[in-house]
Amino acid sequence: MLAEPAPALSDLGLGLVVVLLAVRLGRASGSHRYWRTSFWWAGIAALAGFVHHGFVKFSDRWDGPSWAVISAMVVIAVSYLLAATVAEVLGPRHHRTFWLLRSVGIVAYAGLAATGHAGVTALLACESLTMASILILWGVAARRGHPMAVPVIIALAASGAAAGTKALDPDVTGRVALDPTSVYHLAQIAGMVLLYFAVSSPRRPEREPEPSPAT
């Protein structure tokens, strides 16, 4: 018997789909390894969510730590999503730009922690700043005519809309016999599938060779 059947099974479905997409990305020619790694972490996080909602929820002792671990997995997935974005939009050698953008969420969380507001909710809220950075980069790419920009932005917008379903009133989602968390899991499948199609066979702009570092 599952502690929270609908959230558990919907997370299981999301996890299986995303892991399958990660496997397929591994076989797709031309897809950047950062995309694949992001999909793997997102899929593993969803499968861990199945265990959390299905079984860990029975334990008051392990409920919090389990959710913290899953949140850390999500943070890693978002980090690789940012790394893939930087590599696609700016080029593979912009490591400093990646760390600069990645530090935004980290510094924001550190500030909240210093004021006594540390926690999983605060951590995930700060990750929204990283997602904003990703969207801004793809917006810049769209203005430059990057052929991957529009499909990726649509996929990210779909994922953002899916996340918004968590704020729905349970009476609304109850009309389809689901809770907001379960609706979010199922809606997130569409966003991940769209992102897979956007990055599995990417059309990249021609880049001028980056200058070699001075010796």
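Computed from the coordinates by the stated procedures, all read-outs in this text should not be read as laboratory data. Predicted, not measured: the structure shown is a model, and the values here were computed from it. Positions of Cβ are backbone-derived with ideal geometry, glycine not excepted, and every protein chain shown enters the neighbour counts.
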Choice from VAL74, VAL19, VAL140 with maximal GNM fluctuation in the chain (Cα, 10 Å cutoff) = VAL140
Which values of log₁₀ I(q)/I(0), to two decimal places, follow from the Debye formula for region 65-136 at q = 0.13, 0.25 Å⁻¹ with a uniform point scatterer at every Cα?
-> -0.38, -1.10
Sorted by chain and number, the residues with a modelled amide H under 5 Å from that of PHE55, at a separation of 5 or more or across chains, are ALA3
Compute the long axis of helix 5-27 from its Cα atoms, compare it with the longest principal axis of the Cα atoms of the chain, and write down the angle in degrees, 0 to 90, nearest 10.
-> 20 degrees
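Just flag the trypsin sites (Lys or Arg not before Pro) in region 90-121 sitting in loop per DSSP whose Cβ has no more than 12 other Cβ atoms within 10 Å.
ARG93
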Gyration tensor (alpha-carbon) shape descriptor, region 74-198, a/c threshold 1.5 = oblate
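Taking square-rooted eigenvalues a ≥ b ≥ c of the alpha carbon gyration tensor, is region 1-80 rounded, prolate or oblate, where a/c under 1.5 means rounded and, failing that, a/b exceeding b/c means prolate?
Values: a/c = 4.60, a/b = 1.89, b/c = 2.43.
In terms of gyration-tensor shape, oblate.
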Cα gyration tensor category, rounded, prolate or oblate, for region 21-147 with a/c compared to 1.5 = oblate
Could you let me know the centre-to-centre spacing of region 1-50 and region 146-170, using Cα atoms, in angstrom?
-> 17 Å
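Considering every Cα-Cα pair within the chain, what fraction, in whole percent, is farther apart than 28 Å?
Working: 7444 of 23005 pairs.
Looking at the chain, the distances longer than 28 Å represent 32 percent of pairs.
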